[in-house]
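The next block holds one structure in the form of structure tokens; read it before the comments.
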Amino acid sequence: MKTLPADVGEEPHWVSRQAFQIVVIMTALAEIGMFLILWNNLSLWWAVPVVLVIGHLMHGAAVGFHEASHGLLRRNRKFNEFDGVLIGLLSFMSFSLYRASHQSHHAHFTTEKDEELWPFVFTSSPRWFRVTVAFFELTFGMFFVPMLFLRSFLRKGSPIRSKKVRKRIWKEFALMGILWAIVIPTVWYFGVWKYFFWMYFIPTFIAGNLQSWRKYIEHVGLTGSTINSGTRNIVADTWTGKLVAFTLLHEPYHGLHHMHVGLPHAELPRLAPELEPTHPDEIHPFPSYRHAFLHLFRELANPRVGAQWKRVGEPQS
């Protein structure tokens with residue numbers, strides 16, 4: 001069994017607290033680099049690595065969207081709301097919808113009422129359907145994830161009942177429609193599709209898939225009854241792993257976020273000892289996403305989530 005890194009438990013450095021701002025700056029610099037590559041018609045050998053970096057950093061921005069939904073991205077509430085709405089508009093997601101639906105993931109963790117983990121939390125869901133959903137979410141996350149939350153909003157018996165919240169969600173959808181009704185014709189009019197695809201669409205598509213894979217690594221295939229048995233956590237023991245955790249706003253310490261919902265992300269690493277197993281079916285933190293992915297991979301043929309799978313028989317395929 002691997003031990004936790006020696007620096008676990010230390011107070012967060014000020015740089016760690018500014019992770020989101022640094023990710024935004026890094027994204028802007030990478031986008032400038034991509035613009036220059038396209039402007040000078042350089043080889044794809046230059047463009048591909050940069051677009052992968054942008055995709056990863058956009059994934060980090062998506063984690064910032066999640067932090068904003070908890071009111072933890074900015075100390076100033078108005079700035080927090082602005083950042084959340086803006087990131088949502090650029091990723092086809094209503095910020096208010098995400099915030100309202102995401103509450104179910106914490107209040108009803110890995111149960112049938114967990115909207116984010118549909119349909120994997122339902123023992124009545126056929127295996128073929130769960131596999132199909134997993135395929136589309138992991139391959140077309142940019143489009144599937146917004147539809148997942150839209151389902152939560154529009155379905156009969158939606159947990160989002162507040163008229164005030166629903167009204168704001170519709171306003172954000174309208175604003176999103178106006179934004180893209182301006183962006184797409186503008187791109188077409190000026191003939192800058194090359195820049196649109198390489199600087200926005202491709203990295204956003206990559207970020208959407210990375211976000212889906214991260215979600216699956218965190219929860220899919222786990223049928224434990226506690227937070228640590230229902231979550232795969234990553235506590236990196238290398239500088240590259242720590243850099244990844246930094247650019248993802250310490251999301252790899254995901255179980256700690258569930259234990260301490262109101263705690264800013266920079267505070268999570270020092271609480272890593274709480275991720276040590278205390279229950280027979282709990283999982284020791286993984287040293288990297290690669291190790292956690294391998295643990296997930298063998299579960300993808302039958303994707304399930306939640307302790308309810310242990311209590312009832314599995315449905316027919």
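Numbers at a glance
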{"read-out": "Any pair with Cβ under 6 angstrom, 6 or more apart, that starts in segment 232-258 at a residue that is within 25 Å of I25 (Cα to Cα) and small (G, A, S) and ends at one that is part of a loop (DSSP other than H, G, I, E, B) and at pLDDT below 95", "value": "A245/A236"}
{"read-out": "Given (1) of a type in the set (V, I, T); (2) within 22 Å of Q21 (Cβ to Cβ); (3) assigned to a loop (DSSP other than H, G, I, E, B), index of the condition I227 fails", "value": "(2)"}
{"read-out": "Criterion (touching a helix residue (DSSP H, G or I) at 6+ places or on another chain (Cβ under 8 Å) and crowded, with 21+ Cβ neighbours inside 10 Å) met by exactly one of E274, E251", "value": "E251"}
{"read-out": "Flag if I202 is surrounded by fewer than 22 Cβ atoms within 10 Å (Cβ to Cβ), β-branched (V, I, T), part of a helix (DSSP H, G or I) and touching a residue at least 12 places away in the same chain (Cβ under 8 Å)", "value": "yes"}
{"read-out": "Residue list for segment 105-121, filter: without any contact (Cβ under 8 Å) to a residue 40 or more places away in the chain, among the hydrophobic types (A, V, I, L, M, F, W, C) and more than 15 Å from L148 (Cα to Cα)", "value": "A107"}
{"read-out": "Residue check for F135: part of a helix (DSSP H, G or I) and either surrounded by 15 or more Cβ atoms within 10 Å (Cβ to Cβ) or at positive phi (or both)", "value": "no"}
{"read-out": "Residue satisfying all of: in segment 101-132; part of a loop (DSSP other than H, G, I, E, B) and among the β-branched types (V, I, T); farthest from H260 (Cα to Cα) among these", "value": "T123"}
{"read-out": "Criterion: in a loop (DSSP other than H, G, I, E, B), of a type in the set (D, E) and within 20 Å of A107 (Cβ to Cβ) - qualifying residue of E299, E251", "value": "E251"}
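The values are calculated or read from the model by the stated rules, or taken from the named source; none is laboratory data. All of these numbers come straight from a predicted model, not from anything done at the bench. Neighbour counts are summed over all protein chains in view; Cβ atoms, including those assigned to glycine, are modelled from backbone coordinates with ideal geometry.
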